[in-house]
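Peer 1: One structure is given below, represented as structure tokens, and several questions about it will come after.
The values are calculated or read from the model by the stated rules, or taken from the named source; none is laboratory data. What you are looking at is a predicted structure, and each value in this text was computed from that prediction instead of being measured. So basically every Cβ, Gly included, is an ideal-geometry build from the backbone, and we count neighbours across all protein chains shown. In case anyone asks, the SASA skips ligands and DNA or RNA and just uses the protein heavy atoms, side chains included. Shrake-Rupley method; radii C 1.70, N 1.55, O 1.52, S 1.80 Å.
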Protein chains: 2
Amino acid sequence: MTSVSKVSIRRARRDDVGSIIAMLADDPLGGTRERLGDPMPQAYFDAFERVERDPNIQLVVAEDGEGAVLGCLQLCILPGLSSQGASRGLLEDVRVAKHCRSRGIGEQMVQWAVTEARARGCKLIELLTHNTRVDAQRFYERLGFARSHVGMTVRF
Amino acid sequence: MTSVSKVSIRRARRDDVGSIIAMLADDPLGGTRERLGDPMPQAYFDAFERVERDPNIQLVVAEDGEGAVLGCLQLCILPGLSSQGASRGLLEDVRVAKHCRSRGIGEQMVQWAVTEARARGCKLIELLTHNTRVDAQRFYERLGFARSHVGMTVRF
């Protein structure tokens, strides 16, 4: 790590949607799935509203001192019966802007999520990372995550 | 498969909590995590109420013609921005009672979840299954799921 960029983590706002989609699209997997455009497709704003309405989901961004958005992460708090009724945290859509990698921004975001999930009563955080994302897997292992599960998906 | 037992899938009720916990506990991994007792620990009922209050989570059971609970599954519908704002379905706590395995009950539950997730606008269903659950992995592959991701967890 060359230097650490201190960021602040805050709830995403409607006017962050463009920056978030740009990060999701700037990726070997996401590049084929997202659709950029001006104006942004309405589907993204509709999804943002569904996220905002859900009290168990927090979509956050990391911003630097000038207010530039450098990363994003979605934390879902999932109640459930197993593990003696402990809630689980699920991390999704964790991204750091390409020009800002290796500065500890992802680590600050994940640590925010761990703190938040514990405060909300979670005993576990889980995530799926694509088989091809070996750097991400190493990153999460460094933060204490274990490769304990197989992540399986079906797309329609 | 010796024979198929046709089951009906319905929302879990408070008086199913005992049957669900018994299935979660009757398992090499769950056995160490759950706590049975009479009365059932209150934590399970508190968790059941959190699940019931969440409009994006459905905890369902499979019951036979006599009303016996033979399986359970939790489906979470997760809104999010990625994949053009498509929601994702997350399957958790899928269990079939030990004496009823290999009768197509798990398959009926997962097919219910796929139908429900599609009806709720999901383009993807995802799940984590522990590395040791090789039978479960084969089961999901048979139903069209791919081993596309690494499932990573951290417990507190």
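Peer 1: Among the aspartates and glutamates, select those whose C-alpha is under 18 Å from the C-alpha of residue B:6, and discard any that sit fewer than 8 residues away in the same chain.
Peer 2: By straight Cα distance, residue B:6 reaches B:63, B:64, B:66, B:107.
Peer 1: Still on this structure, please answer the following. Excluding residue B:69 itself, what net charge comes from residues whose Cβ is under 9 Å from its Cβ, given Lys and Arg +1 and Asp and Glu -1?
Peer 2: -3
Peer 1: Next question, about the same structure. Write down the accessible area per residue of segment A:1-87 in Å², having rolled a 1.4 Å probe over the full set of protein chains.
Peer 2: That works out to 46 Å² per residue.
Peer 1: Give or take rounding to whole Å, what are the principal axis extents of the alpha carbon atoms in segment A:56-137, in descending order?
Peer 2: 43, 31, 16
Peer 1: Once Rh is set to the Kirkwood radius over Cα pairs, what Stokes-Einstein translational diffusion coefficient, in µm²/s, holds for chain A at a temperature of 25 °C and a viscosity of 0.890 mPa s?
Peer 2: D = 148 µm²/s.
Peer 1: A further question on this structure: Within a Cβ distance under 13 Å of residue B:51, other residues only, what is the Lys/Arg minus Asp/Glu net charge?
Peer 2: Neighbour charge sum, excluding residue B:51 itself: -1.
Peer 1: What are the semi-axes of the equivalent ellipsoid for the protein assembly as shown, taken as the square roots of 5 times the Cα gyration tensor eigenvalues, largest first, in whole Å?
Peer 2: Over the Cα atoms of the protein assembly as shown, the semi-axes work out to 35, 20, 18 Å.
Peer 1: Another question, if that's okay. Using a 10 Å cut-off around each Cβ of peptide A:142-148, what is the average number of partner chain Cβ atoms that fall inside?
Peer 2: Rounded to a whole number, the mean comes out at 5.
Peer 1: While we're here: Hey, got the average number of other protein chain Cβ atoms within 10 angstrom for residues in B:56-64?
Peer 2: 2
Peer 1: State, to one decimal in nm, how far the label point of residue B:46 lies from the label point of residue B:14, with both points 7 Å from Cα in the Cβ direction.
Peer 2: Distance between label points: 1.6 nm.
Peer 1: How well do other chains shield peptide B:85-98, expressed as the mean number of their Cβ atoms within 10 Å of each residue Cβ?
Peer 2: That works out to 4 on average.
Peer 1: Please label the shape of segment B:4-72 as rounded, prolate or oblate, based on the square roots a ≥ b ≥ c of the eigenvalues of the alpha-carbon gyration tensor (a/c under 1.5 means rounded; beyond that, a/b larger than b/c means prolate, else oblate).
Peer 2: oblate
Peer 1: Shape of segment B:105-152 from its Cα gyration tensor (a ≥ b ≥ c, root eigenvalues): rounded if a/c is under 1.5, otherwise prolate when a/b > b/c, or oblate?
Peer 2: It comes out oblate by the Cα gyration axes.
Peer 1: Below 9 angstrom from the Cβ of residue B:128, what's the summed charge of the other residues (Lys, Arg +1; Asp, Glu -1)?
Peer 2: -3
Peer 1: I'd like the interface area for chains B and A: accessible area of each alone minus the complex, both sides summed, 1.4 Å probe, protein heavy atoms only. What is it in Å² to the nearest 100?
Peer 2: That pair of chains buries around 5800 Å² in total.
Peer 1: For chain B, set up a Gaussian network in which alpha carbons nearer than 10 Å are linked by springs, and say which option among B:64, B:93, B:135 fluctuates the most.
Peer 2: Between B:64, B:93, B:135, it is B:135 that shows the largest mean-square fluctuation.
Peer 1: Still on this structure, I have one more. What's the carbon and sulfur percent of segment B:55-156's accessible surface, probe 1.4 angstrom, rounded to a whole number?
Peer 2: Carbon and sulfur atoms account for 47 percent of the accessible area of segment B:55-156.
Peer 1: Looking at chain A as a GNM with Cα springs under 10 Å, which of A:81, A:24, A:59 has the largest mean-square fluctuation?
Peer 2: Maximum fluctuation in the GNM of chain A, among the listed residues, is at A:81.
Peer 1: Rounded to the nearest 500, what is the 222 nm mean residue ellipticity of chain B from helices alone, with -39500 (n - 2.57) per DSSP H run of 4+ residues and division by all residues?
Peer 2: -9000 deg cm²/dmol
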